[in-house]
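Participant: This structure is in structure tokens; I'll ask about it shortly.
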Amino acid sequence: MNALQAYATHIASAMDILAEAHGASERALVELGLPDVEARDLRALAAVYFGPTGFSRKQRHAAAAARHHDLVTLKLIEKYVSRVRTKREAWNLRVELCRLRGPASD
């Protein structure tokens, strides 16, 4: 497998990557070779989909629905979710967007 193919394969397995990143420090991710911005983004996404929340049922639904999304799409979803006012609205929107299929576009 060449480097580009490996990258495409890994970026597509977003939830597996986030599950592994959950609990890792930013420093540990950077030591693996990730740029600091990417390490920060992975930690933030991992916290959303695998961290503690008062909306654990919605979190499970979002994580299950997000299995078909890549990291780029999950980052885009979080961009839209960041615009809502309450955590409940954020989780409702996240679940709805995770259920959508199709290419991500900004």
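Participant: Give the residue from 35, 86, 64 lying farthest towards the positive end of the charge dipole for the chain; charges sit on Cβ (+1 for Lys and Arg, -1 for Asp and Glu) and the dipole is referred to the Cα centre.
Facilitator: 86
Participant: Counting each DSSP H run of 4 or more residues in the chain as -39500 (n - 2.57), what helix-only mean residue ellipticity at 222 nm follows after dividing by all residues, to the nearest 500 deg cm²/dmol?
Facilitator: Numbers: 7 runs with 73 residues, N = 106.
Estimated from H runs of four or more residues: -20500 deg cm²/dmol.
Participant: Arranged from highest to lowest average of other beta-carbon atoms within 10 Å per residue, in what order do the peptides 78-90, 49-61 appear? Each step should come with its number before you reach the end.
Facilitator: Numbers: 78-90: 12.5, 49-61: 14.2.
Averaged packing, sorted descending, gives the order 49-61, 78-90.
Participant: What's the angle, to the nearest 10 degrees (0 to 90), between helix 36-50's Cα axis and the longest principal axis of the chain?
Facilitator: Taking Cα atoms only, the helix is inclined about 40 degrees.
Participant: Only four residue types carry charge here, +1 at the Cβ of Lys and Arg and -1 at the Cβ of Asp and Glu. Report the dipole size of the chain about the Cα centre in Debye, rounded to the nearest 20. Write out the running numbers ahead of the final one.
Facilitator: Values: 16 positive and 12 negative charges, 144 e Å.
Value, rounded to 20: 700 debye.
Participant: Another question about this same structure. Under the 0.36 nm per residue contour assumption, what length would be gained going from the current alpha-carbon distance of residue 4 and residue 19 to full extension?
Facilitator: Numbers: separation 15, 0.36 × 15 = 5.40 nm, distance 2.26 nm.
Gain on extension, residue 4 to residue 19, equals 3.1 nm.
Participant: Right, another one. How big is the Rg/Rh ratio for region 58-106, C-alpha atoms only, Rh by Kirkwood, two decimals?
Facilitator: On the way: Rg = 10.0 Å, Rh = 10.7 Å.
Ratio of gyration radius to Kirkwood radius: 0.93.
Participant: Any chance you could get the radius of gyration and Dmax over the Cα atoms of region 10-106, in Å?
Facilitator: Final numbers for Rg and Dmax: 12.9, 36 Å.
Participant: At 0.36 nm per residue, minus the direct Cα-Cα distance, what do residue 37 and residue 83 gain on full extension? Give it in nm, one decimal, please. Don't skip to the answer; put the middle values down first.
Facilitator: Details: separation 46, 0.36 × 46 = 16.56 nm, distance 2.07 nm.
Working it through step by step, the gained length comes to 14.5 nm.
The numbers here are math on the coordinates, done by the rules we state, and not lab data. What you see is a predicted model; the values in this text were computed from it and never measured. Note that each Cβ is placed from the backbone with ideal geometry, even for glycine, and that neighbours are counted across all protein chains shown.
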